[in-house]
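In what follows, a single structure is set out as structure tokens and then discussed.
Where a number appears in this text, it was derived from the coordinates with a stated rule and is not lab data. Keep in mind the model is a prediction, meaning the values are calculated, not measured. Note that each Cβ is placed from the backbone with ideal geometry, even for glycine, and that neighbours are counted across all protein chains shown.
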């Protein structure tokens, strides 16, 4: 599972640092100035798919607040796997073991569970979930629930990890910053990674992590609790320990709401 923990670091390293929002006091002056506050995930553009009210919903009760997520019906393998883990109690006691500000919060790793040792539980986590990448319908805008996985060299089929998930935060894009991002991809010869004009508008409106698109399964979205995601992505972390929060952020209870 440690391989899973580092997968998103590898993804970060494949993109120039200048494409990401910088921390205060470390702004990159080569990127065009400008700042835009991304809208809430449920504030959709006219071409985006609205939330399907028939989707199952799961409440993650954490030590920093509650996060309500919907699971997409058109990613049924991931939906059913997540619900199986939720209803078995697997996520109760899991932590967000990896947090990177302006990128994502990652949780669910088996080796990092905080369990009640008086009631030890064993779970089968030695499997993968076949990729269900539905792009560009589902892309890595802010507030998406996605499946972590091992890298392409070991996992060319892009199969997802059994338990690890992440919720996107990413950066904000002004129109000028998005133009700069696209031009940088062109200069690097990464034409395959250039978002469509529609997706560029989506990232300008919502913010997010465009370089992960078409590489990881997006299987749900945050309906409520983006303020909690924001608090989690701002916690202090140990950069020498896979960006683990210095104080554990624990999922106290995960329960299916509908």
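Exposure proxy for 149, 113: other Cβ atoms within 10 Å of each Cβ, ordered fewest to most, give 113, 149.
Looking at the square roots a ≥ b ≥ c of the eigenvalues of the Cα gyration tensor of the range 68-179, which shape do they give, rounded for a/c under 1.5, prolate if a/b is larger than b/c, or oblate?
Since a/c reaches 1.5 and a/b is larger than b/c, the shape of the range 68-179 is classed as prolate.
Centre-to-centre, using Cα atoms only, the range 84-162 and the range 209-252 are separated by 11 Å. Computed from the alpha carbon positions, the gyration tensor of the range 104-258 leads to an equivalent ellipsoid with semi-axes of 30, 19, 15 Å, biggest first. With the Cα gyration tensor of the range 166-258 giving a ≥ b ≥ c as the square roots of its eigenvalues, does the rule (a/c under 1.5 for rounded; else a/b larger than b/c for prolate; else oblate) give rounded, prolate or oblate? Verdict is prolate for the range 166-258.
Ordering 257, 104 by the number of other Cβ atoms within 10 Å of each residue's own Cβ, fewest first, gives 257, 104.
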